[in-house]
1. Treat each spin label as a single point 7 Å out from the Cα along the C-beta direction, and report the Ser195 to His182 distance in nm.
2. Within 10 Å of each residue's Cβ, count the other Cβ atoms and sort Asp99, Asp202 from fewest upward.
3. Relative to 2.2 N^0.38 Å, what does the C-alpha radius of gyration of the chain come to as a ratio? Two decimals please.
4. Just to confirm a number: summing +1 for Lys and Arg and -1 for Asp and Glu over residues other than Phe93 whose beta-carbon lies under 12 angstrom from that of Phe93, what do you get?
5. In angstroms, what radius of gyration and Dmax does segment 102-208 have, counting Cα atoms only?
6. Given the Cα-Cα distance of Arg60 and Phe28 and 0.36 nm per residue of separation, how much length would full extension add, in nm?
7. Counting other beta carbons within 10 Å of each residue's own, what order do Ser29, Ser76, Ser195 fall into, fewest first?
8. Bin by bin, in steps of 5 Å, what percent of the Cα pairs in segment 40-141 do you find, going until the bin that has the longest distance?
Amino acid sequence: MARKHMLKLAAATPEVAADKAVATLKSFSKGDWDHPGFSFTRYWWLGEGVREGIAPWVRRKLKPGDDPKFGHAARSEVLLPPSAPGDYASIDFLLQRFDDTLPPFESHAMVQAKITLDDSEPWHVGYERVRAFARDHFAGRFPVVLVAHVPGTAGLEGNGSHVHCIVLSRFLGVNGLGGACHVLCSDRGYAAALSAWQTYADIAEAAA
């Protein structure tokens with residue numbers, strides 16, 4: 001009797017394991033060693049299991065600390081294409097719709113351009129420069145979440161002030177989210193973003 005029970009348990013184990021399998025959010029980063037102050041990271045889902053979604057990852061950027069007063073990003077906002085429905089301006093709505101409607105066959109999740117701010121000028125000046133870049137280069141077609149981390153505003157010393165440009169992989173238009181852009185999530189996407197940012201950086205340097 002015990003042997004039969006063990007056989008049944010063994011037979012059921014693979015199914016249980018399969019049910020609990022989860023996909024992993026993987027990343028590949030082009031660091032800023034070649035271009036100081038600018039890094040670019042691609043994120044995709046690996047595996048065919050349940051996906052946690054990108055919402056928890058994005059929310060950790062919005063609230064990197066545990067303190068209820070000082071644990072939040074210095075500034076954050078959503079940038080949308082001109083034809084996007086206004087509902088998507090809500091970060092909660094945007095992330096939920098993205099996660100709920102990303103097809104299981106689509107692995108591309110998002111890209112992130114992390115830009116270091118010049119510590120010789122007020123952080124809000126650098127933020128506006130990054131914002132203009134993100135609107136011109138990304139937000140014409142994709143939803144963008146901007147997150148500014150400025151350790152000094154929370155009385156901390158960190159790795160310097162910087163802005164995360166989190167660009168969701170899917171086109172956003174009048175009818176909502178569409179398919180993912182594989183060019184955005186590639187080396188070509190990195191090269192195009194770097195070139196666009198260098199234009200803004202050069203203008204700022206010339207004006208200094």
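Readers should treat all values here as calculations from the given coordinates under stated rules, not as data from a laboratory. Just so it is clear, the structure is predicted and the values come from calculations on it, not from any experiment. Note: ideal-geometry Cβ built from the backbone for every residue, glycine included; neighbour counts use all protein chains shown.
1. The two pseudo-label positions are separated by 2.1 nm.
2. On the way: Asp99 15, Asp202 10.
Ordered by Cβ neighbours within 10 Å, fewest first: Asp202, Asp99.
3. Working: Rg = 20.5 Å, N = 208, 2.2 N^0.38 = 16.7 Å.
Expressed relative to 2.2 N^0.38 Å, the Cα Rg reads 1.22.
4. Working: positive: Arg97; negative: Asp87, Asp92, Asp99, Asp100.
Residues close to Phe93 contribute a combined charge of -3.
5. For segment 102-208, the Cα radius of gyration and maximum Cα-Cα distance read 15.3, 48 Å.
6. On the way: separation 32, 0.36 × 32 = 11.52 nm, distance 1.87 nm.
Between Arg60 and Phe28, full extension yields 9.6 nm more.
7. Exposure proxy ranking, most exposed first: Ser195, Ser29, Ser76.
8. 2, 9, 16, 21, 22, 15, 9, 3, 1, 0
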